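Here's the structure, in structure tokens; my notes come after.
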Amino acid sequence: MIDQCDILAALRWHVDIGCDEAIGGEPLDWATLAARPAVARAPAGASALPPAAAPVARSAFGASSGASMFGAPVTADLPLGASEAGASARARAAEARSLEELESALRAFDGCPLKATAMNTVFADGNPAADIMLIGEAPGEDEDRQGKPFVGVSGKLLDRMLAQVGLDRSTVYISNILPWRPPGNRSPTQAEIAACLPFLERHVELIGPKVLVPLGGTSAKTLLNRAEGITRLRGRWFDYASPGLSGPVPVIPMLHPAYLLRNPIAKREAWRDLLTLRQRFPG
């Protein structure tokens with residue numbers, strides 16, 4: 001007989017390592033899957049290739065292999081390797097001529113493994129015609145469930161912060177570096193950022209904001225291509241350039257609301273940064 005304490009301990013262990021979302025109705029028996037021969041899938045309507053000519057499956061890390069890290073067969077429709085994902089994302093993003101086309105291209109993109117574990121693609125919120133564009137890191141649990149950025153506890157704090165300087169979601173536009181939630185709200189990997197960055201760059205080009213506000217270290221370092229942490233970057237003015245923009249866009253990094261919830265004393269720095277933003281862009 002299985003002890004309930006053991007079951008609870010196992011569940012806590014899964015949550016601790018980031019397995020906090022169910023993505024299937026039935027459990028998978030990896031031992032049974034590992035016993036099956038690896039089969040590469042051919043496109044619908046195509047004739048089967050002889051073994052010597054069969055396409056080699058590519059893992060999510062870009063390595064060619066006949067089996068996954070769990071021993072299960074790897075098929076040709078798994079996420080692309082890092083270099084392939086970046087090239088595919090850049091090509092898809094460049095073709096978008098509107099926010100609607102960009103969102104459709106993003107939803108159809110399979111080059112980031114996070115899409116398979118997320119509930120929703122979190123594209124953006126706010127006013128696309130706004131002068132101020134806020135860019136966070138990645139969706140959290142509440143954002144993943146609702147499909148909008150900054151709607152959880154951090155989002156409520158952000159709304160209160162904006163209200164203190166006369167802003168709200170009708171006067172700003174909000175997005176993230178990643179449109180899909182990393183399991184367990186862990187930090188995004190460099191491969192995940194690289195796969196999604198072309199969509200964000202095109203997103204900024206289509207919005208054409210007068211100022212960019214990266215929220216948190218990941219967002220600031222990604223947009224500015226700098227190595228310093230957010231405590232060294234916050235409150236300073238930088239420029240962001242992209243071929244699809246008419247000119248450089250001013251950038252002022254700020255502390256992420258989640259950081260402020262953990263470190264309330266830092267709210268005074270956040271308040272100074274908001275005042276700096278409003279002094280330069282009174283709206």
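Taking 30 Å as the straight-line reach from the Cα of residue 210, the lysines in range (excluding those fewer than 8 positions away in the same chain) are 148, 156, 221, 267. For residue 156 and residue 11, the FRET efficiency from 1/(1 + (r/R0)^6), where r spans their Cβ atoms and R0 equals 35 Å, is about 0.75.
For the range 215-268, the relative contact order is 35 percent, taking Cα pairs closer than 8 Å that sit 6 or more residues apart in sequence and dividing their mean separation by the residue count. Note on residue 129 and residue 226: with the Förster distance fixed at 22 Å, the Cβ-Cβ geometry gives a FRET efficiency of about 0.15.
If you take every residue apart from residue 211 with its C-beta less than 9 Å away from the C-beta of residue 211, what net charge results, scoring Lys and Arg +1 and Asp and Glu -1? Net charge around residue 211: +1. Near residue 151, once Lys and Arg are set to +1 and Asp and Glu to -1 for all other residues with Cβ below 13 Å from its Cβ, the sum equals -1. Rolling a 1.4 Å probe over the heavy atoms of the protein chains gives the range 193-271 an accessible area of 44 Å² per residue. In whole Å, how far is the Cα centre of the range 133-198 from that of the range 109-124? Between the Cα centres of the range 133-198 and the range 109-124 lies a distance of 14 Å.
For residue 136, the residues whose modelled amide H falls within less than 5 Å of its own, excluding neighbours fewer than 5 places apart on the same chain, are 175, 176, 177, 215.
Can you pull the percent of the range 186-283's accessible area that's carbon plus sulfur, 1.4 Å probe, other chains left in place?
So the carbon and sulfur contribution to the accessible surface is 50 percent.
In the neighborhood of residue 233, defined by Cβ-to-Cβ distances under 11 Å, what is the net charge if each Lys or Arg adds +1 and each Asp or Glu adds -1? My count for the surroundings of residue 233 gives +3. Among the chymotrypsin sites (Phe, Trp or Tyr not before Pro) in the range 237-276, those located in a DSSP loop and surrounded by at most 14 other Cβ atoms within 10 Å of their own Cβ are 237. Computed from the Cβ-Cβ distance with R0 of 30 Å, the FRET efficiency linking residue 263 to residue 237 stands at 0.80. Of the DSSP beta bridges with both residues in the range 128-283, give the percent that are antiparallel, rounding to the nearest 5. Just about 20 percent of them are antiparallel.
The values are calculated or read from the model by the stated rules, or taken from the named source; none is laboratory data. Quantities reported herein were computed from a predicted structural model and do not represent experimental measurements. Because the Cβ atoms are built from the backbone with ideal geometry, glycine has one as well, and the counts that use them run over all protein chains shown. SASA here: full protein model, heavy atoms, side chains in, ligands and nucleic acids out. Shrake-Rupley method; radii C 1.70, N 1.55, O 1.52, S 1.80 Å.
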